[in-house]
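Read through the structure below, which is laid out as structure tokens, and then see the notes.
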Number of protein chains: 2
Amino acid sequence: MKLTTKGRYAVNAMLDLALHNDKAPINLTDISARQDISLTYLEQLFSKLRKKGLVESIRGPGGGYRLALDADEITIMRVMYAVDEPIDVTRCGGQQNCMGDVRCLTHDLWLGLNRHIAEYLNGISLGEMVRMNNVKQVADRQDAIMLKDVTHMAATPSDATH
Amino acid sequence: MKLTTKGRYAVNAMLDLALHNDKAPINLTDISARQDISLTYLEQLFSKLRKKGLVESIRGPGGGYRLALDADEITIMRVMYAVDEPIDVTRCGGQQNCMGDVRCLTHDLWLGLNRHIAEYLNGISLGEMVRMNNVKQVADRQDAIMLKDVTHMAATPSDATH
DNA sequence: CTCTTTTCAGAGTAATTTAGTCAACTATAT
DNA sequence: ATATAGTTGACTAAATTACTCTGAAAAGAG
């Protein structure tokens, strides 16, 4: 299992999609604004997510993306695997030849770690996250900021901290 | 937690040390041969391991490295942290400002994953690994190969174990 | 003292990966 | 038609990884 920012971006974006998953499809421009991910990078990510059957796309004006499955069926694991080729933590990709012809000393250790991570990430779905309170709160804030931007209100975000 | 081959090399090397942890210090040339890691790279790794107090060094002929602590006190986690700067899995390093001024949607998710991995890697020590059967078998084979190289003898120990 | 074996320190580097950008499409609603 | 939105693939700058190279310095053996 690979753990990169790419995978995390993908999860953030997918969760955004799950949170706004009503009738109308969500376009990437909105997700880009809310989640602070460049549009072109999102396009790249969603291309992969679509090919893995996690989202479906609707082209043209009013188009965008929608979850292709129930949010409870989409685990964090599936999202991360969709965008990041799974790199194995062992040196040999499950083969037993990590070291010349014999498996390395720590072969089983890394396999165990792999299993462990997978278990955790497979145990959490987008649906569950949507129902979590703290997630909902953050999402509401993000939506509020978007609204403010759209209306061109004088309120500059005043991001003194960074 | 960062998961790199560097960390895996370090664990392999440290386990080698633990397996051969008798009176005499072990030099890196031997570990290099047994674990198939370049000598200069090992030097780099052990420099860090020493600075973190996991090994102690003896210079000069007959010198080498020794575990600075009991093998049961050295967890896999400690080894990996010694050589790889811990990169945080969240975007903000535990701060709450992953996204401008609010924490990102998935902040807690990554923190949880971090905790999970740490728990696993902290739950396993070099001592425990040394006592595991499959590890011992691999180690014996590695030693046998080393011996063969040194003596240039034809007498293969015929290690028909499994 | 000198030779050899070892660790110690840090600079340098080639390859790979990451995190994107850019440009040129295609499909569809109005 | 035209504007909106997804689609594709090539390209790239920056960072990271996984090392190597050089040249010490310490310590024991002869």
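Data overview
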{"item": "Hey, B:VAL79 at pLDDT below 70 and open to solvent by less than 20 Å² (accessible area, probe 1.4 Å) or not", "result": "no"}
{"item": "Residues (acidic (Asp, Glu) and within 9 Å of chain A (Cβ to nearest Cβ)) located in segment B:111-133", "result": "B:GLU119"}
{"item": "Answer residue from segment B:1-33, given it is among the polar types (S, T, N, Q) and in contact with a strand residue (DSSP E or B) (Cβ under 8 Å, 6 or more places away or on another chain) and is farthest from the other protein chains (Cβ to nearest Cβ) among those", "result": "B:ASN27"}
{"item": "Qualifying residue in segment A:103-122 (condition: assigned to a loop (DSSP other than H, G, I, E, B), modelled with pLDDT under 90 and open to solvent by 80 Å² or more (accessible area, probe 1.4 Å))", "result": "no"}
{"item": "Looking only at segment B:45-71, and only at residues there that are surrounded by 15 or more Cβ atoms within 10 Å (Cβ to Cβ) and within 10 Å of DNA strand D (Cβ to nearest atom), the one that is farthest from the other protein chains (Cβ to nearest Cβ)", "result": "B:SER57"}
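The values are calculated or read from the model by the stated rules, or taken from the named source; none is laboratory data. These figures come from a predicted structure and were not determined experimentally. Positions of Cβ are generated from backbone atoms using ideal geometry, with glycine treated the same way; all protein chains shown enter the neighbour counts. Keep in mind that these areas ignore ligands, DNA and RNA; they rest on the heavy atoms of the full protein, side chains included. Shrake-Rupley method; radii C 1.70, N 1.55, O 1.52, S 1.80 Å.
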